[in-house]
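A quick write-up on the structure given underneath.
The values are calculated or read from the model by the stated rules, or taken from the named source; none is laboratory data. These figures come from a predicted structure and were not determined experimentally. When we count neighbours, we look across all protein chains shown, and the Cβ atoms used for this are built from the backbone with ideal geometry, even at glycine. Side chains are part of the model used for accessible areas, which takes the heavy atoms of the whole protein and leaves out ligands, DNA and RNA. Shrake-Rupley method; radii C 1.70, N 1.55, O 1.52, S 1.80 Å.
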Amino acid sequence: MESPTTPLQPPTYGNLITVLSIDGGGIRGIIPATILAFLESEIQKHDGTEARLADYFDVIAGTSTGGLVTAMLTAPNEQNRPLFAAKDIKDFYLTHCPKIFPQDHSCPIVAPVTKMIKSFTGPKYDGKYLHSIVREKLGDIRLHQTLTNVVIPTFDIRKLQPTIFSSYEVKKHPSINALLSDICIATSAAPTYLPAHCFETHGSERKVRKFDLIDGGVAANNPTLVAISEVTKEITSGSPDFFPIKPTDYSRFLVISLGTGSAKAEEKYDAYKAAKWGMLGWLTCENSSPLTDVFMQSSSDMVDFHIATVFQALHSEANYLRIQEDNLNGDESSVDIATPTNLERLVTIGERLLKKPIAKVNFETGAFDPSTWGTNERALIRLAEVLSKEKRVRDMRSPHGRLEDANLKK
């Protein structure tokens, strides 16, 4: 059924608060991109080929590569529709990742020495191509212009504290109304991989605010909890966009959280090796940065552990879907080995992940165990129907939604 694509009406006209969250993970962003393409295609079966994810989620959050995906899904084009359809994001990664992370094709004997020298002199990549392509695609679009609310974490190394670029906060603090391109470059600036990013904004009364930012994964590689917190602040502030809700009423949240994959247990590092590492070893080992890998993966897992526990305790498990592959091998677990072979392999992993059973975190071991709730694919098909119905309910209840619908049918 082909339906008009009206803007998403506020949650106060509906039954749910819808949240989409995308982890950081460099080139592994192809995995959630593949999942998102499937979800959008399922929504289109209900509402037509022009339907886009930004039409269905109250907030989309993303860190690092997830922040870039968030911007691509929510930045407006000249027709005030999302710049990218979800199905286009995979091709963006396949085309541009090899240029963002150019591979060293020098002699296998020389390459490790070159990497070691570079680790002393600067980041692994200069970031020039990333900066140019992000600025080309996002242009002059600013945070307040996104088609739905976004939440993108970064970390300010001058202040040593997180800086959250939030559509909710920009209304109260215009100084964070930065260019989306600057936000994406900043949240992607993974230590040892890409250079830190500095820029300024001009707030009220011409006040200048300076940002000295690195990867949001330092603060929240899995931004799901940050997104829920931003929504909760809006609710408790009495925003008319939200219906009254108790702090513990998680049954009103619908949360989809997408990981970018993690290394197979006992696959990547071990204490025997780590016990011998000094500073250099923690910064560069086996084509990656163990220190960066550790803090980003621990950040993602701890957020999932917390949210899964809360949703389970409040009998709302069906409203929280975490899709994560925790069985990556070798180059698959890298954030930057952007060879065509590895990128295509990651696409296949995303497609295979759809067919896998929903995995729930084991609260005793911290590992993901297959559940009896069906596959990720079946869960997304169900949620696509839920999202479509929620949007239609809001359109019917909202005078603005009915007006938009009537105008589009003329």
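Miscellaneous remarks
- The modelled label-to-label distance for the pair Arg209/Thr348, using points 7 Å beyond Cα in the direction of Cβ, is 4.6 nm.
- Förster radius 30 Å - calculated FRET efficiency between Asn77 and His202, Cβ distance, rounded to 0.05: 0.70
- With the simple model of a label 7 Å out from the Cα in the direction of the Cβ, Ser251 to His46 spans 2.0 nm.
- Surface accessible to a 1.4 Å probe, per residue, for the residues of region 15-104, Å²: 27 Å²
- Length gained when the stretch Ile157-Thr309 is fully extended (0.36 nm per residue, less Cα-Cα span): 51.6 nm
- Distance between the 7 Å Cα→Cβ label points at Ser132 and Trp373: 4.5 nm.
- Once the chain from Thr236 to His144 is taken as fully extended at 0.36 nm per residue, the excess over their C-alpha distance is 31.0 nm.
- Measuring against 23 Å, Cα to Cα, the residue pairs Lys128/Lys276; Lys45/Lys87; Lys137/Lys172; Lys128/Lys207 contain Lys128/Lys276; Lys137/Lys172; Lys128/Lys207 as the ones spanning a longer distance.
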